[in-house]
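Asks: Handing you this structure, nothing more for now.
The values are calculated or read from the model by the stated rules, or taken from the named source; none is laboratory data. All values reported here derive from a predicted model rather than from experimental measurement. Note: ideal-geometry Cβ built from the backbone for every residue, glycine included; neighbour counts use all protein chains shown.
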Amino acid sequence: MPTPPVPDADTRPFWEGVAEGELRLQRCDDCRQAIFYPRSICPHCQGSSVSWFTAAGTGTVHTYTVAHRAFGDAAKEVPFAVALVDLDEGARMMSRITGDPAAVSIGARVRMAPETFEGADGAFALPYFRIDGGGA
C-alpha cells in the first residue's frame with residue numbers, strides 16, 4: 001500500500017479534491033501560470049497571490065518508465081508505469097498510470113482516475129491517471 005499524504009495548509013485543498021475525484025490546482029494571480037505542487041509562492045514569478053481552481057484532470061504523457069522491480073508492498077504490483085503528465089492547464093505532475101503498462105506511450109492522452117486506499121488512519125486517495133479512451 002502507498003504511503004498516505006500528509007496535507008498541510010498549502011496542500012489540503014489539493015488532497016481534498018483528489019478524495020472527491022477532482023484535480024484541484026493553483027493559478028498565480030500575477031502571471032496566471034498553473035502551479036503544481038501546491039505552494040504559497042508562485043515558482044514562475046515569485047508572486048505571493050495564488051488561487052485554486054478545478055482542472056479538467058486530463059493531459060498528455062510527457063515521458064514514462066515501467067517499473068519491473070520494486071520494494072515493499074509495491075513489489076506485488078510490478079510491472080507498473082509512472083509518468084510525467086503535462087496537464088492541459090500547463091502544469092506538469094508525476095503520477096502512476098493504471099492499467100496495462102504496455103499501453104502507455106509518450107504523447108498518450110490520460111485522464112485522472114483517483115485510487116482509494118485504506119490506511120491505518122482511514123481511507124485516502126491518490127491522483128493516479130489512466131489512458132483516456134475518450135469516455136468521461
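Asks: Go through region 16-32 and give me each residue that's under 17 Å from A113 (Cβ atoms), in contact with a Pro (Cβ under 8 Å, 6 or more places away or on another chain) and without any contact (Cβ under 8 Å) to a residue 60 or more places away in the chain.
Replies: Of everything in region 16-32, just one residue is under 17 Å from A113 (Cβ atoms), in contact with a Pro (Cβ under 8 Å, 6 or more places away or on another chain) and without any contact (Cβ under 8 Å) to a residue 60 or more places away in the chain, namely R24.
Asks: Shifting gears a bit: Quick check on my filter: what residues within region 27-42 are buried (at least 19 other Cβ atoms within 10 Å of the Cβ) and closer than 14 Å to P7 by Cβ?
Replies: P38
Asks: Could you grab me the full set of residues in region 67-98 that are of a type in the set (G, A, S) and either modelled with pLDDT of 95 or more or in a helix (DSSP H, G or I) (or both)?
Replies: A67, G72, A74, A75, A81, A83, G90, A91, S95
Asks: Kindly provide the set of residues from region 1-20 that are loosely packed, with under 14 Cβ neighbours inside 10 Å and either under 16 Å from L87 (Cβ atoms) or in contact with a strand residue (DSSP E or B) (Cβ under 6 Å, 6 or more places away or on another chain) (or both), ordered by number.
Replies: The one that is loosely packed, with under 14 Cβ neighbours inside 10 Å and either under 16 Å from L87 (Cβ atoms) or in contact with a strand residue (DSSP E or B) (Cβ under 6 Å, 6 or more places away or on another chain) (or both): M1.
Asks: Could you tell me whether any residue of region 121-133 is surrounded by 15 or more Cβ atoms within 10 Å (Cβ to Cβ), more than 15 Å from P5 (Cα to Cα), modelled with pLDDT under 95 and over 11 Å from the mean Cα position of the chain (by Cα)?
Replies: Yes; the residues of region 121-133 include at least one that is surrounded by 15 or more Cβ atoms within 10 Å (Cβ to Cβ), more than 15 Å from P5 (Cα to Cα), modelled with pLDDT under 95 and over 11 Å from the mean Cα position of the chain (by Cα).
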